[in-house]
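Following: one structure in structure tokens, then a few remarks.
Read the figures in this text as sums done on the coordinates, not as results from a lab. Remember, predicted model here, so these are calculated numbers, not experimental data. Because the Cβ atoms are built from the backbone with ideal geometry, glycine has one as well, and the counts that use them run over all protein chains shown.
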Amino acid sequence: SPSDPDLVERARAAKERLGDKVFVLGHHYQRDEVIQFADVTGDSFKLARDAAARPDAEYIVFCGVHFMAESADILTTDDQKVVLPDLAAGCSMADMATAEQVAECWDVLTEAGIAEQVVPVSYMNSSADIKAFTGKHGGTICTSSNAKRALEWAFEQGEKILFLPDQHLGRNTAVRDMGFSLDDCVVYNPHKPGGGLTAEQLRDAKMILWRGHCSVHGRFSLESVEDVRARIPGVNVLVHPECKHEVVAAADHVGSTEHIIQTLEAAPAGSKWAIGTELNLVRRLANRFAAEDKEIVFLDKTVCFCSTMNRIDLPHLVWTLESLADGKLVNRIEVDRETEQFAKLALERMLALP
Ligand code: CIZ
Ligand code: SF4
């Protein structure tokens, strides 16, 4: 249990035995019981960069999900070992685009005669395989903070974008931030022959959105925005761009987790906020800012925690740290050399974005 003093003490002692050899990364969506042992917190991209900035740390313990540990492995040195405390901590969104499906999609685009015009842009929340596909085909990675710049860059390289795997981030960025219409976007369904699209639809589209979504953010609804406005007069609705387009369109503010935190830090005392992102983060922010008289509520009480983020709990962290302290390397996440090379190319294009 989170307050189990024995587990807290064991985690502390194991971390002390490891000293500078270990660097613990805690994603914003992690449980409090885990976050208390994080050397740094952040979103997936910030954490991967934080890990790269600590080449002396032999073990990077990534308290987050699988694709994040892969990205950290790609950006750190070969000597550094990235460890995921529970190998079952995947991401349902990342799992919605497999290497096979994406290769098949590229065949469909080739048959429609448009592959040469298409530049892939993949969200950070994707497997290393998808990042490698992106790098191989001249594309870039993006985060929810730089998606607009990534799309602008991609439209300088080609005429169309294949956006993977989160249809909502792709659509929200194109329509809300760049002035495209909903009709400029089509959705490629990997479970249907030809993606469920005609060659003509593909040729007419500017944005080809992969049919993926986040199982947490995708559940916030327009109704939840209307309900909270009725319940809390004067409330500011602030949501993550992984939410559906109609939710983002109805919100007052939209942004990444880092943006959400900065917005709340800058908010005046007495202001009221309804936040549409993962519950662990919203609860932590509500507690943190209660003392400053900022009222923060979760946008929709029927939406649950990210179940895979929550797989990393204190018992898994204790087991991981104690194993490493005993000289036993467990749960290493290692991306193979070829995948790493092309994935890194795509990540470096993102780092070079203006
Ligand atoms: O939804 C997620 O998992 C996010 C926002 C991840 C990240 O840190 O980019
Ligand atoms: Fe994946 Fe959504 Fe969970 Fe993030 S919150 S790890 S995108 S399922």
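Calculate, for D252 and S307, the FRET efficiency according to 1/(1 + (r/R0)^6) with r their C-beta to C-beta distance and R0 22 Å; round to the nearest 0.05.
0.15
Give me D for the chain in µm² s⁻¹, whole number, from Stokes-Einstein with Rh from the Kirkwood sum over alpha-carbon pairs, 20 °C and 1.002 mPa s.
For the chosen part, D equals 102 µm²/s.
Hey, if you drop one equal point scatterer on each alpha-carbon of the range 94-213 and run the Debye formula without solvent, what base-10 log of I(q)/I(0) do you get at q = 0.09, 0.14, 0.16, 0.19 Å⁻¹?
Taken in order of the listed q values, log10 I(q)/I(0) reads -0.19, -0.47, -0.63, -0.94.
Taking amide H positions as placed in the peptide plane 1.01 Å from N, state which residues far from V187 in sequence (5 or more) or on other chains have amide H under 5 Å from it.
Hits under the 5 Å cutoff: L209.
Would you mind computing, in nm to one decimal, how far apart the modelled labels at E226 and E295 are, each placed 7 Å from Cα along Cα→Cβ?
2.2
Excluding V186 itself, what net charge comes from residues whose Cβ is under 12 Å from its Cβ, given Lys and Arg +1 and Asp and Glu -1?
It works out to a net charge of +1.
Quote to one decimal, in nm, the extra length available between R337 and D39 on full extension: 0.36 nm per residue of separation minus the C-alpha distance between them.
Computed gain between R337 and D39 is 104.5 nm.
Looking at this model, which pairs from K15/K148; K21/K344; K148/K244; K46/K294; K206/K301; K81/K244 are more than 28 angstrom apart at the alpha-carbon?
K15/K148; K206/K301; K81/K244
What is the gain in length, in nm to one decimal, between E58 and Q117 on full extension, counting 0.36 nm per residue of separation less the C-alpha to C-alpha distance?
17.0 nm
Evaluate the Kirkwood expression for the hydrodynamic radius of the range 1-112, namely the inverse of the mean inverse distance over all pairs of different C-alpha atoms, and round to one decimal in Å.
Values: mean 1/r = 0.0644 Å⁻¹.
Mean inverse Cα-Cα distance, inverted, gives 15.5 Å.
Run the paramagnetic zone check for M178: 7 angstrom along Cα to Cβ, then residues of the range 119-156 with backbone nitrogen under 16 Å.
Residues 119-124, 138-156 fall inside that zone.
What FRET efficiency do you get for S323 and D32 if R0 is 35 Å and r is their Cβ-Cβ distance, rounded to the nearest 0.05?
0.95
Quote the FRET efficiency, to the nearest 0.05, computed for R17 versus L353 with a Förster distance R0 of 45 Å and r equal to the Cβ-Cβ distance. If you can, show how the numbers build up before the last one.
On the way: r = 41 Å, r/R0 = 0.91.
The formula returns an efficiency of 0.65 here.
Taking just the alpha carbons, could you work out the radius of gyration and Dmax for the range 217-298, both in angstroms?
11.6, 33
How far apart, in nm, are two points set 7 Å out from the Cα along the Cα-to-Cβ line at A88 and at E152?
Going from the A88 label point to the E152 one covers 4.4 nm.
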